1. Work out, step by step, the length gained on full extension between residue 281 and residue 192: first 0.36 nm times the residue separation, then minus their alpha carbon distance; give nm to one decimal.
2. What is the extension gain from residue 329 to residue 308, computed as 0.36 nm multiplied by their sequence separation minus the C-alpha to C-alpha distance, in nm to one decimal?
3. If a paramagnetic tag sat 7 Å from the Cα of residue 8 along the Cα-Cβ line, which residues of region 87-125 would have the backbone N under 16 Å from that point?
4. How much of the DSSP beta bridge set in the chain is antiparallel, as a percent to the nearest 5?
5. If you stretched the chain out fully between residue 44 and residue 57, how much longer would it get, using 0.36 nm times the residue separation minus the C-alpha to C-alpha distance?
6. Considering only lysines 8 or more places apart in sequence, or on different chains, count the pairs in the chain whose C-alpha atoms sit under 19 Å apart.
7. Which value in nm describes the separation of the simple spin-label points at residue 407 and residue 361, placed 7 Å from the Cα toward the beta carbon?
8. Net charge within 13 Å of residue 170 by Cβ-Cβ distance, Lys/Arg positive one each and Asp/Glu negative one each, not counting residue 170 itself?
Amino acid sequence: MSATSTADSAALLDALRGIAGAAGVLTDPQDTAGYLQDWRKLYRGRALAVVRPPDTAALAAIVRRCAAAGVGMVPQGGNTSMAGGATPSEDGRQVVISLARMNRVRDVDPVDFSLTVEAGATLKAAQDAAAAAGCLLPLSISAEGSAQIGGVLATNAGGNTTVRFGNARDLVLGLEVVLADGQVWNGLRRLRKDNTGYCLRQLFVGAEGTLGIITAAVLKLAPQPREVEVALCGLPSPEAALALFTRLQRSDPAALVAFEYMSGIGIGFVLRHIQGVALPFAAPAPHYALIELATPRAEAGLRTVLEEALTAAMDEGDVLDAVIAESGAQRAALWRLREEHTEAQAREGASVKNDVSVPVSRTPELIRRATAACEALIPGIRAVPFGHLGDGNIHFNLEQPPGADPAAFLAQSHAIMDTVAEVVRGLDGSFSAEHGLGRLKSYMLPLWRGGAELDAMRRIKHALDPLGLMNPGKVLPEEPPAE
Ligand code: FAD
Ligand code: 2HG
Ligand code: ZN
């Protein structure tokens, strides 16, 4: 049965209210509006309802009821997806399932270095809970105040500290998941070693809600740092950024927690559009790196390590100017220049994002070749590359030419994305590094991961979601009709 008729829909909504309570089922357009549009405003969907279950048992009952009605389910966390992954389709036949009410921290264990947290807790709340127990949850993204643990895991988020601690995937010890048929899989184990068959939890991490709904997780913690040093460097070139990264990795690899690249134009946008930021140099540089070193070791002498590395890099001509923060407030001020890039770029005008990765050694080549290719495609286009150079993950974003019509520029999105993708392919990279495919990039999957790889992905999807109701239309493109 498919909930296509008004009577079917009304019966389904009644049943959902019976499970989640009247306040847990939103249908008033004023209440649902914020759930139906993605963060970038690329998509605006419609939905039968937005359902906000109070706990795992209720969510499981909701999934069973939706499955029986043949209704697609779109899990949603903080709705900060960069790829339209959490937005329902336009036909109004799907249900959005918000995890926001399931936001408890269930347990923090400073001996096991583990945190058990529900999917609807924000990443910031989880970080704070870890810190209160004297530990560090080593995952950091600019959207951490809104992004939720479920969304962070479902997208396998990366971010600013991947270079040291890995992606979200590397921090997951256990998961609790509601499967597509409404069964609850409780895999909330906190074991460091557990070779008992296929590693199910890693299937759901990065699946963007297409295989099941994550309801809780056990995450690995790390010791809190005792020394932290943050520096901003002005650089002559992307090649100098790579040389500086390599130098720092050799000086004290365990302490290099973040290495972020920014272009002169990106910093220029931040200075123009964001209040209360300042460049701590007498003159702007063509390129920049933001570096964080941190260690739980006492008296590790990180300041000396950093100063020596920067002095040697200046002697080699790889660093033009550098400032090291002297306080927590100064560290935060330097980080703001990086964290405000997304907002500043949005305020500058229309932009097309490319979240790409290449081997770290090829990042300068990526920046140069993709810039040249895009400038040849659209005269006046402005390349704004920035991001996690230490992971080979550059956000190769393109800003509209000054004064151009934003809609006309965005109409060329696919041509721009394909142009960047071609360069990335030539450098043995990936067209989707950390934001996921969502709806935006699923069309590119067959070109990049066709053959046996895509076939295996489709088999996994069919095995775990045979009715195709878990976040339909995301990640995997529609299958070609059978011959
Ligand atoms: P949503 O946007 O709500 O959902 C994302 C996807 O996960 C959707 O497909 C959704 O269906 C699915 N999903 C959500 N919850 C669940 C669940 N409980 N179970 C199963 N599936 C679920 N990303 C990075 O990787 N690194 C960054 O540095 C980074 N910086 C960002 C900065 C800004 C300013 C913004 C706006 C975004 C940034 N992002 C970054 C992208 C985004 O924040 C991440 O993808 C984040 O992990 C999404 O979390 P969310 O809770 O908002 O998920
Ligand atoms: C970041 O690293 C995010 O700040 C967002 O991944 C990147 O705006 C973007 O393209
Ligand atoms: Zn990023």
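The values are calculated or read from the model by the stated rules, or taken from the named source; none is laboratory data. In this text, all values refer to a predicted model and were calculated from it rather than measured experimentally. Here the Cβ positions follow ideal geometry from the backbone for every residue, glycine too, while neighbour counts run over all protein chains shown. Keep in mind that these areas ignore ligands, DNA and RNA; they rest on the heavy atoms of the full protein, side chains included. Shrake-Rupley method; radii C 1.70, N 1.55, O 1.52, S 1.80 Å.
1. Details: separation 89, 0.36 × 89 = 32.04 nm, distance 4.59 nm.
Full-extension gain reported as 27.4 nm.
2. Taking 0.36 nm per residue and subtracting the Cα distance, the gain is 5.2 nm.
3. Only 91-95 pass the distance filter.
4. 90 percent
5. 1.7 nm
6. Taking the Cα cut-off of 19 Å, the pair count is 10.
7. 4.8 nm
8. That sum, taken over residues with Cβ under 13 Å, equals +3.
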